[in-house]
Amino acid sequence: MNMDSIGVLNLFLLFLFCSITSAIAIRVATHLVGIFRIVDRPGDGHKLHEANTPFVGGIGLLTVLLFTLLVFDPVGTETSSKWIVLGICATILFVTGFIDDTIRLSYKFRFLVQGGVALVMVMNGDMVVHSLGHLFSGEFLQLPHWIAAAFTVIALIGGINAINMIDGMDGLSGSVSLASLALMGVVAFQAGDQDNLLLICALSGGLSGFLYYNLRYASKRSARVFLGDNGSMLVGLVLCWLLIDLSQGPTPAMTPITAIWLFAIPLLDTVSVMLRRMFLGKSPFMPDHLHLHHLFLKSGFFVTEIIALIVILHVFFGVIGLLGLYFSVDENWMLFGFILMFLSYLYLTLHPWRFISMVRFLRILLRTRLGRAPAASDGVFFGFFTANETEKMARIVNEELGSNSNFSIRVFEQLSVRRDFGKHFAITLNIWLTKDDYLSEDKLNQRISLLQLSLEEKQGILLRRLRARNRDSDLRVYSNGSPFGESRVVDRRSLGPQALAFEVTMLGKNNNPFRTQPTNDSNSYIEKGKYSHTL
């Protein structure tokens, strides 16, 4: 068959069919696991979600994958035997992940299963990284067979767990994986590789069906299902399969260097965070809060914003890889560029608070200057500040707390019934405490009082204490320290940061929103207590 035998319309119909099939399979699985109570339950003091949440995302993905492998199997060909291996390996990892999600398997056992699956792919599926492309000498850099096999097994295990390790926030791993599939779809389409194109369309549809339940949007403030280890390991396996298959063989569709650009964010995040831990004398498998999504969250971004930012960044890196491929940029330069980007990324993880301090202030500055202040909050705030005043207060608070503090500043735009009145804002401060920052109530109140007194005496800024939050619904982090095992179940079941909330005001500034603000028109007024709600 050639590409004409598939057609773009048929590919779209396959994507649509797999999206619907995945959504239905997840819905049915959600009902079944609810009956048998195989769900992640809150309420034991160390879980961050509020309702029983099933970890059935992998069921939809496995359903569409097996459907594609069975229906489109080119019987009697080399592709047929490879697809059989893929189906078996995917099923093994799914079952292992589902059991782990349910009863929490030993990380050593999970690691052993992943290594076994990788060996099966190498020995029976011919998924081996034989060549590293035209590096150094300009000729194909071929690896000796045993080195190629060992390198492939390590790469497969790392890739499988890289997806798991970035799965720390609703919609993140699914969205990044979908972006990678879209980029690989361009490569497969350009190369006329219909077999991989079918797999890409099918899995993209499966992820889309899953993201319908996992992403946050206006009417759904939290995920209804989780991907689970069963889903994250399956997705990682298929992504690695596609990257190897597209970059190897006698007529590869892309170079191995392009492959790492298409997998940039999971690769950069996992390797750099693990190296950082080793630089600090810790185990590379010891969890922390320094993944990229954690840094953005601590900079004050909302979950939906973080997902969009990371996906855009991931696509940007992928497009660089594709441009290098199709404009025949020397592979050595592409490798050098990736190494340079990796070193920059590593520097970021080694100096996280510099990044957070810079980004949180830029976020406030841009939002106030562009008139796009965040307002995802309930309650009423009493600030009535201009953009310049808001910027000044944000800068002062940022400097006073310093780069070693863990805090976020949020600005809320006040809606006016008069278009010519101008934009005004309220500002709040959240100071995040991890479970290692536990203080007695007296010491905590003493520390808060000192901060309030310091800001008031030095800068004329008042901090009004608001109701503290006892959970952070945006994060599901921490694990039991297992290798490559910041698992979704463990992450969801651990205590995350807590926040001390304050409203920021200025001495001598009348901040009563219920008064009439002076303008040229004595009849003008501000709508009482209203703030915009734009995510």
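The values are calculated or read from the model by the stated rules, or taken from the named source; none is laboratory data. Everything numeric in this text was worked out from a predicted model, so none of it was measured. Glycine also receives a Cβ, built like all others from the backbone with ideal geometry; neighbour counts cover every protein chain displayed.
Numbers at a glance
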item	result
Among the residues listed as 147, 163, the single one being among the β-branched types (Val, Ile, Thr) and farther than 25 Å from residue 25 by Cβ	147
Of residues in the stretch 69-85 being within 19 Å of residue 127 (Cα to Cα) and in contact with a helix residue (DSSP H, G or I) (Cβ under 6 Å, 6 or more places away or on another chain), the one surrounded by the fewest Cβ atoms within 10 Å (Cβ to Cβ)	74
Residue 260 being surrounded by fewer than 24 Cβ atoms within 10 Å (Cβ to Cβ), touching a residue at least 12 places away in the same chain (Cβ under 8 Å), out of contact with any strand residue (DSSP E or B) (no Cβ under 7 Å at 6 or more places or on another chain) and of a type outside the set (Ser, Thr, Tyr)	yes
Number of the exception - residue 373 against (1) at pLDDT below 55; (2) surrounded by fewer than 20 Cβ atoms within 10 Å (Cβ to Cβ)	(2)
Total residues in the stretch 106-165, condition loosely packed, with under 13 Cβ neighbours inside 10 Å, within 28 Å of the chain's Cα centre (by Cα) and among the aromatic types (Phe, Trp, Tyr)	1
Identity of the residue in the stretch 344-364, among the polar types (S, T, N, Q) and crowded, with 19+ Cβ neighbours inside 10 Å, that ends up farthest from residue 275 (Cα to Cα)	357
Every residue from the stretch 277-303 that is closer than 24 Å to residue 211 by Cα and surrounded by fewer than 18 Cβ atoms within 10 Å (Cβ to Cβ)	302
Unmet requirement for residue 391, which otherwise passes all of (1) loosely packed, with under 14 Cβ neighbours inside 10 Å; (2) modelled with pLDDT of 80 or more	(1)
Verdict on residue 235 being assigned by TED's automatic domain parsing to the domain that holds residue 156 and under 21 Å from residue 117 (Cα atoms)	yes
Any helices (runs of 4 or more DSSP H) falling wholly within the stretch 47-150 and containing at least 3 residues that are touching a residue at least 24 places away in the same chain (Cβ under 8 Å), more than 16 Å from residue 245 (Cβ to Cβ) and not assigned by TED's automatic domain parsing to the domain that holds residue 242	none
Members of the stretch 186-197 found to be over 16 Å from residue 68 (Cα atoms) and outside any loop (DSSP other than H, G, I, E, B), listed by number	186, 187, 188, 189, 190, 191
From 227, 215, 203, 246, residue being surrounded by 24 or more Cβ atoms within 10 Å (Cβ to Cβ) and either closer than 21 Å to residue 315 by Cα or free of Cβ contacts under 8 Å to residues at least 12 places away in the same chain (or both)	203
